[in-house]
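Trainee: The following block contains the structure, expressed as structure tokens.
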Amino acid sequence: MTKFEHVMRAAAIGAVALLLAAPPATPQGTQLAAMPPAPPTQGVDKKTHHLILQVNSNEPAMMNLALNNATNVEQYYKNLGEKVEIEVVTFGPGLHMLRDDTSPVKDRIKAIAEKTPSISFKACGNTQDNMHKAEHKDIPLVAQATLVKSGVVRVMELQEQGWTYVRP
């Protein structure tokens with residue numbers, strides 16, 4: 001069964017459980033006793049959400065979409081008072097997003113990194129090496145990027161740890 005099928009099955013079971021747990025309908029004109037307030041959630045440890053955003057395209061629109069997704073998700077969970085960790089992982093032509101000499105979004109990356117430490121940027125070392133060989137020059141990365149040996153392997157390892165994967 002796929003992860004999606006597991007989620008859908010759990011949602012269906014939860015819906016049935018809610019229906020079974022619902023109080024019976026009251027006759028018209030009668031009132032139910034007031035429900036006690038829900039217990040406060042302050043001090044309760046909340047789950048940290050984890051998101052991988054893959055960028056493997058040298059298209060500025062794709063890069064901006066990934067950055068929009070990252071900032072929107074971060075703001076959503078911030079508004080709920082919940083934690084989130086987001087990694088933007090680049091490889092192949094997507095490495096241009098994190099190249100200091102070619103990135104069309106480097107100013108935006110700098111602003112996001114300064115404001116939002118829960119969003120990080122990973123650059124594929126294999127791609128950087130291949131670009132170095134092809135271009136016969138060093139491939140500089142933006143200061144906000146962290147080099148990983150392999151972008152694809154990074155995505156795989158995070159998914160194996162339960163991170164949610166999105167390719168914008």
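Trainee: When only residues in segment 49-61 that are open to solvent by less than 40 Å² (accessible area, probe 1.4 Å) and more than 9 Å from the chain's Cα centre (by Cα) count, which is nearest to T164 (Cα to Cα)?
Mentor: The qualifying residue nearest to T164 (Cα to Cα) is Q54.
Trainee: I'm checking my understanding of the structure. Among residues of segment 44-102 that are of a type in the set (D, E, K, R) and assigned to a helix (DSSP H, G or I), which one is modelled with the highest pLDDT?
Mentor: Across segment 44-102, the extreme among qualifying residues is E74.
Trainee: Here's a follow-up. Looking at segment 59-86, which of its residues are of a type in the set (V, I, T), within 18 Å of A145 (Cα to Cα) and in contact with a His (Cβ under 9 Å, 6 or more places away or on another chain)?
Mentor: Scanning segment 59-86 gives a single hit, I86.
Trainee: Look at L67 and say whether it is surrounded by fewer than 18 Cβ atoms within 10 Å (Cβ to Cβ) and aliphatic (A, V, I, L, M).
Mentor: For L67, the condition - surrounded by fewer than 18 Cβ atoms within 10 Å (Cβ to Cβ) and aliphatic (A, V, I, L, M) - is not met.
Trainee: Just the residues that are open to solvent by 20 Å² or more (accessible area, probe 1.4 Å), under 17 Å from the mean Cα position of the chain (by Cα) and of a type outside the set (S, T, N, Q), please, taken from segment 117-129.
Mentor: P117, K122
Trainee: Could you please find all residues in segment 130-168 being farther than 14 Å from D100 by Cβ, assigned to a loop (DSSP other than H, G, I, E, B) and open to solvent by 70 Å² or more (accessible area, probe 1.4 Å)?
Mentor: H136, K149, Q161, R167, listed by residue number.
For every residue, the table says whether it meets (1) open to solvent by 20 Å² or more (accessible area, probe 1.4 Å); (2) farther than 23 Å from V152 by Cβ; (3) touching a residue at least 60 places away in the same chain (Cβ under 8 Å).
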{"residue": "M63", "(1), (2), (3)": "no, no, no"}
{"residue": "L80", "(1), (2), (3)": "yes, yes, no"}
{"residue": "P93", "(1), (2), (3)": "yes, no, no"}
{"residue": "M97", "(1), (2), (3)": "no, no, no"}
{"residue": "I109", "(1), (2), (3)": "no, no, no"}
{"residue": "K115", "(1), (2), (3)": "yes, yes, no"}
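The values are calculated or read from the model by the stated rules, or taken from the named source; none is laboratory data. No experiment lies behind these values; they were computed from the predicted model shown. We place every Cβ from the backbone using ideal geometry, glycine too, and count neighbours over all the protein chains shown. The area values use the complete protein model at the heavy-atom level, side chains included, leaving out ligands, DNA and RNA. Shrake-Rupley method; radii C 1.70, N 1.55, O 1.52, S 1.80 Å.
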